[in-house]
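Visitor: Sharing a structure, written as structure tokens. Questions coming.
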Amino acid sequence: GTNKVKAPSLKESYKKAMLLVGEFDSFRIRHVEKSLNKRAVEIAKKALDSMQITSEVKSDTDSDATIPPPENNENEIEHVSPSSSSDRDASPDAASLSPEKTYVLRFDGGSRGNPGTAGAGMVLYDSEDGSELWSACQYLGDKNTNNEAEYMGLITGLECARSLGVENIVVQGDSQLILRQIEGRYQVKSPSLKPFYKKAMTLSREFASFQTSHIERARNARADELANEAMDTKSSKGFHFS
């Protein structure tokens, strides 16, 4: 009661808070410095990120990128280097997902040396509330380029999403090159990327609806974190081998 609530927009929140205060036998408050409140700030930022995911998906629904027709090239390699992730299943701890809903897959990849030690990260979100449903990191070895690692993040993410039963997906990443190639806006000129591209396109057609959306690097921090974890630990996690 030290300061009056003057802002009309705050009065309802104040009223609700005061009603809740009355439900406790004992209630005390204390001001702390922001440095002591880091955890609450972290959770608040996560909530804002979840809201951003939801708004991005709604926007993408109105302006989704279409998938170009498949290329007829029998000389392209079927097997994707450095290893195919088709024998991987998503973690059994992942919640059962509804085939009617749309989900968001964010992916990232990196290579230290380019080519060099490489890893990929992928995260699946609920498009309605922005909550993280599944995530994984994948160590790719020490001979892959950055773009190859990006593609593997996309490929593994799509395969695991399908194994979880996802039918409708929005793919988001900060690699403009990879996304523009998937959308058919850029040609795949690098011979080493063609098998990755072909695999990704094949997977994209397994979904009832497939959309892409380029996001800024800052919005892709979680997938980037996982890709770096794979490179740091030289290990994979988030899925098991059958």
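Visitor: Among the residues of segment 209-242 satisfying the criterion of being closer than 19 Å to Trp134 by Cβ and assigned to a loop (DSSP other than H, G, I, E, B), which is most open to solvent (accessible area, probe 1.4 Å)?
Guide: In this case the residue turns out to be Ser242.
Residue by residue, here is whether (1) free of Cβ contacts under 8 Å to residues at least 12 places away in the same chain; (2) of a type in the set (Val, Ile, Thr); (3) closer than 18 Å to Ile215 by Cβ holds:
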position: Glu132; (1), (2), (3): no, no, yes
position: Ala136; (1), (2), (3): no, no, no
position: Gly153; (1), (2), (3): no, no, yes
position: Ser163; (1), (2), (3): no, no, no
position: Gln172; (1), (2), (3): no, no, yes
position: Gln176; (1), (2), (3): no, no, yes
position: Ile182; (1), (2), (3): no, yes, yes
position: Gln187; (1), (2), (3): yes, no, no
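Visitor: Assigned to a strand (DSSP E or B), hydrophobic (A, V, I, L, M, F, W, C), open to solvent by less than 20 Å² (accessible area, probe 1.4 Å) and modelled with pLDDT of 55 or more, is that true of Leu124? If you could, list the steps in order and put the result at the bottom.
Guide: On the way: assigned to a strand (DSSP E or B): yes; hydrophobic (A, V, I, L, M, F, W, C): yes; open to solvent by less than 20 Å² (accessible area, probe 1.4 Å): yes; modelled with pLDDT of 55 or more: yes.
Judged against the criteria, Leu124 is a match.
Visitor: Considering each of Leu133, Leu140 in turn, give the residue that is open to solvent by 20 Å² or more (accessible area, probe 1.4 Å) and not in a helix (DSSP H, G or I).
Guide: Testing whether each residue is open to solvent by 20 Å² or more (accessible area, probe 1.4 Å) and not in a helix (DSSP H, G or I) leaves just Leu133.
Visitor: So, one more: For segment 184-208, which positions are open to solvent by 20 Å² or more (accessible area, probe 1.4 Å) and touching a strand residue (DSSP E or B) at 6+ places or on another chain (Cβ under 6 Å)?
Guide: Hit for segment 184-208 is Ala208, nothing else.
Visitor: List the residue pairs whose Cβ atoms are under 9 Å apart, where the first residue sits in segment 1-15 and is at negative phi, the second is surrounded by 10 or more Cβ atoms within 10 Å (Cβ to Cβ) and not in a loop (DSSP other than H, G, I, E, B), and the two are 6 or more positions apart or on different chains.
Guide: Listed by first residue and then by second, the contacts come to Val5/Lys11; Val5/Ser13; Val5/Tyr14; Val5/Lys15.
Visitor: Which condition does Lys199 not pass, out of (1) more than 14 Å from the chain's Cα centre (by Cα); (2) assigned to a loop (DSSP other than H, G, I, E, B), if it passes all the others?
Guide: In the conditions (1) more than 14 Å from the chain's Cα centre (by Cα); (2) assigned to a loop (DSSP other than H, G, I, E, B), Lys199 misses (2) alone.
Visitor: (1) more than 28 Å from Glu128 (Cα to Cα); (2) part of a loop (DSSP other than H, G, I, E, B); (3) open to solvent by less than 10 Å² (accessible area, probe 1.4 Å); (4) not hydroxyl-bearing (Ser, Thr, Tyr): which one isn't true of Val166, the others all being true?
Guide: Every listed condition holds for Val166 apart from (1).
The values are calculated or read from the model by the stated rules, or taken from the named source; none is laboratory data. Worth saying up front: this structure is predicted, and the values here are computed from it rather than measured. Positions of Cβ are generated from backbone atoms using ideal geometry, with glycine treated the same way; all protein chains shown enter the neighbour counts. Quick note on the areas: whole protein, heavy atoms, side chains included, nothing else; ligands and nucleic acids left out. Shrake-Rupley method; radii C 1.70, N 1.55, O 1.52, S 1.80 Å.
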